[in-house]
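A.B. asks: My structure is below; once you've seen it, I'll send some questions.
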Amino acid sequence: MSKNYAIAPSILSADFLQLGEQISACESAGADWIHIDVMDGHFVPNLTMGPVVVEACRKATGLLLDVHLMIEKPENLLEAFAIAGADRLTVHVETCPHLYRTIQQIQSLGCRAGVTLNPGTPAAAIGEVLHMVDLALVMMVNPGFSGQAFIAEMLPKVAEIRAMLDAVNPAAWLEVDGGVSARTLPQVREAGANAFVAGSAVFGHPDGIKAGVEALREGIT
Ligand code: DX5
Ligand code: ZN
């Protein structure tokens, strides 16, 4: 079941009273991963979920759990997220003074490691670790909330990181997050992304989750 792209619904936009059902709906609609946005109210101005929610998601699905850590000092919580059942842990370079070590720590816990950067951070900030990650994530919005408009000025950075990965780690995923919809997806795909996080475009689709996932897939193929 190896595809060259992945659709990752972000449960930040889900109805939490029906989280299990909504994750199942994503799975039956053909979503590839479940994206879980962890926010601490410090690094980003919002507070969301932690290992308990990851553990609940683990029971609800066999899909890869793609955990996006928007938290200060992520190294203190990596083990808890690994035990909870995360498959991939993605950390922000802005929160990791010892980024190389943090990535090694994620891998030693048996998880895949991802690295990401804010819109204001240049691509070079993650250059030294691209050879060792499973995924690089380009934030297309300032992290903290779903439903924000995509910052089109980030498209050249997607292309820049695509070229950097092609040179040292072509098998790694290049993911984009924030403002991805059926309308904007072709632009990020054209720039070189192959993994697409979407919150409101999936859970807020007027015709439901299945229609949301299918509309994104149409933008890929
Ligand atoms: C933003 C989060 C995103 C967000 C995506 O800080 O990392 O994953 O939930 O939501 P949309 O697709 O609505 O921009
Ligand atoms: Zn995210």
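A.B. asks: Just need a number here: residues in the range 101-116 that are part of a helix (DSSP H, G or I) and closer than 12 Å to ALA136 by Cβ.
C.D. replies: Here is the first cut: in the range 101-116, the residues part of a helix (DSSP H, G or I) are 101-108.
Applying the additional criterion that residues be closer than 12 Å to ALA136 by Cβ yields 103.
Residues in the range 101-116 being part of a helix (DSSP H, G or I) and closer than 12 Å to ALA136 by Cβ: 1 in total.
A.B. asks: Are any residues in the range 132-163 open to solvent by 50 Å² or more (accessible area, probe 1.4 Å) and within 16 Å of ligand 2 (Cβ to nearest atom), and if so, which ones?
C.D. replies: ASN142, PHE145, SER146, GLY147, GLN148, ALA149
A.B. asks: Quick check on my filter: what residues within the range 195-221 are within 25 Å of MET70 (Cα to Cα) and open to solvent by 30 Å² or more (accessible area, probe 1.4 Å)?
C.D. replies: Once the filter is applied, which keeps residues that are within 25 Å of MET70 (Cα to Cα) and open to solvent by 30 Å² or more (accessible area, probe 1.4 Å), the range 195-221 yields SER200, PHE203, GLY204.
A.B. asks: Taking the condition within 13 Å of ligand 2 (Cβ to nearest atom) and either more than 27 Å from CYS26 (Cα to Cα) or crowded, with 22+ Cβ neighbours inside 10 Å (or both), does ASP166 pass? Spell out how you get there, then give the answer.
C.D. replies: On the way: within 13 Å of ligand 2 (Cβ to nearest atom): no; either more than 27 Å from CYS26 (Cα to Cα) or crowded, with 22+ Cβ neighbours inside 10 Å (or both): yes.
Against the criterion (within 13 Å of ligand 2 (Cβ to nearest atom) and either more than 27 Å from CYS26 (Cα to Cα) or crowded, with 22+ Cβ neighbours inside 10 Å (or both)), ASP166 does not qualify.
A.B. asks: Taking ALA56, is it closer than 21 Å to ALA211 by Cα and either in contact (Cβ under 8 Å) with a residue 60 or more places away in the chain or of a type in the set (Gly, Ala, Ser) (or both)? Break it down into steps so the answer makes sense when it comes.
C.D. replies: Numbers: closer than 21 Å to ALA211 by Cα: no; either in contact (Cβ under 8 Å) with a residue 60 or more places away in the chain or of a type in the set (Gly, Ala, Ser) (or both): yes.
Answer is no for this residue.
A.B. asks: Counting only residues that are assigned to a loop (DSSP other than H, G, I, E, B) and open to solvent by less than 20 Å² (accessible area, probe 1.4 Å), which one in the range 51-71 is farthest from ligand 1 (Cβ to nearest atom)? Outline the logic, then answer.
C.D. replies: If we filter the range 51-71 for residues that are assigned to a loop (DSSP other than H, G, I, E, B), which is where we start, we get 61-63, 71.
Narrowing the set further to residues that are open to solvent by less than 20 Å² (accessible area, probe 1.4 Å) leaves 61, 71.
Numbers: THR61: 17, ILE71: 12 Å.
For the range 51-71, the residue satisfying everything is THR61.
A.B. asks: Can you tell me which residue within the range 137-162, out of those that are small (Gly, Ala, Ser) and over 16 Å from the mean Cα position of the chain (by Cα), is farthest from ASP177 (Cα to Cα)? Quick ask: steps written out before the conclusion?
C.D. replies: Going residue by residue through the range 137-162, those that are small (Gly, Ala, Ser) are 144, 146-147, 149, 152, 159.
Cutting the leftovers down to over 16 Å from the mean Cα position of the chain (by Cα) gives us 149, 152, 159.
Working: ALA149: 11, ALA152: 12, ALA159: 15 Å.
Ranking the qualifying residues of the range 137-162, first place goes to ALA159.
A.B. asks: Still on this structure: Filtering the range 143-171 down to residues that are without any contact (Cβ under 8 Å) to a residue 60 or more places away in the chain and in a loop (DSSP other than H, G, I, E, B), which residue is farthest from ALA201 (Cα to Cα)? Working first, answer last.
C.D. replies: Narrowing the range 143-171 to residues without any contact (Cβ under 8 Å) to a residue 60 or more places away in the chain: 148-171.
Imposing the further condition that a residue be in a loop (DSSP other than H, G, I, E, B) reduces the set to 148-151, 169-171.
Details: GLN148: 11, ALA149: 12, PHE150: 12, ILE151: 16, ASN169: 30, PRO170: 28, ALA171: 27 Å.
Here the residue is ASN169.
A.B. asks: Continuing with the same structure: What number of residues within the range 180-194 are closer than 27 Å to GLU21 by Cβ and either buried (at least 23 other Cβ atoms within 10 Å of the Cβ) or modelled with pLDDT under 95 (or both)?
C.D. replies: 2
A.B. asks: Something else about it: Inside the range 160-202, can you point out the residues that are more than 15 Å from ligand 1 (Cβ to nearest atom), over 17 Å from ASP32 (Cα atoms) and not aliphatic (A, V, I, L, M)?
C.D. replies: GLU160, ARG162, ASP166, ASN169, PRO170, PRO186, GLU190, GLY192
A.B. asks: Also: State whether the residues of the range 16-30 include one that is part of a loop (DSSP other than H, G, I, E, B) and within 16 Å of the chain's Cα centre (by Cα).
C.D. replies: No: zero hits.
A.B. asks: Residue check, PHE16 against (1) free of Cβ contacts under 8 Å to residues at least 12 places away in the same chain; (2) within 15 Å of ligand 2 (Cβ to nearest atom), all met but one. Which one?
C.D. replies: Going through the list (1) free of Cβ contacts under 8 Å to residues at least 12 places away in the same chain; (2) within 15 Å of ligand 2 (Cβ to nearest atom), PHE16 breaks only (2).
A.B. asks: Scan the range 120-131 and tell me whether some residue there is within 16 Å of ligand 2 (Cβ to nearest atom) and open to solvent by 10 Å² or more (accessible area, probe 1.4 Å).
C.D. replies: So far as the range 120-131 goes, yes, one or more of its residues are within 16 Å of ligand 2 (Cβ to nearest atom) and open to solvent by 10 Å² or more (accessible area, probe 1.4 Å).
The values are calculated or read from the model by the stated rules, or taken from the named source; none is laboratory data. Keep in mind the model is a prediction, meaning the values are calculated, not measured. Every residue, glycine as well, gets a Cβ built from its backbone with ideal geometry; the counts of neighbours run over all protein chains shown. We work out accessible area using only protein heavy atoms, side chains counted, and drop any ligands, DNA or RNA first. Shrake-Rupley method; radii C 1.70, N 1.55, O 1.52, S 1.80 Å.
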